[in-house]
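Reading through the structure tokens given below for one structure.
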Amino acid sequence: MYLVVIAWLYVVVLMSIAEATNTTGTVLGAIMTFVLYGALPVTLVVYLMSAPARNKAIKKRNAAERDAAVLQAQQVQASAPDANPVEHGVHASIDPDAGSHSARGAEAVAAAVNASITPVRKEP
């Protein structure tokens, strides 16, 4: 991937030099050519192409932190089974509802909202 980036930047630098040395070209035009054809698109492409690697690294780090927390909780449980692990600053397990979904279903929420709204009728 980086070979394509380097090659594209080489082409853009040559385009900028041609713009600056042309009789009708300007240095400002050369700078704009480099920025708009080279720096911005390459930055965007590299950022988007590295997204899967960033996500993989984040998931790996989160899994390692979770494993370390579980291991620490197991060590606290093994060292003092009568003691409360929360007192030691370690929770015995991971929170059961760590998902992004609501605890109640959408139907129950809609029914609760509809039950709390009183109907307003026009008098005859």
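Worth pointing out:
- Spacing of the modelled spin labels on N62 and A20, each 7 Å from Cα toward Cβ, amounts to 4.6 nm.
- If you plug the beta carbon distance of Q75 and L44 into 1/(1 + (r/R0)^6) with R0 = 41 Å, you get a FRET efficiency near 0.35.
Laboratory data are not the source of any read-out in this text; all were calculated from the coordinates shown. What you see is a predicted model, and the numbers here were worked out from it, not measured in a lab. All Cβ positions, even for glycine, are placed from backbone atoms using ideal geometry, and neighbour counts span all protein chains on display.
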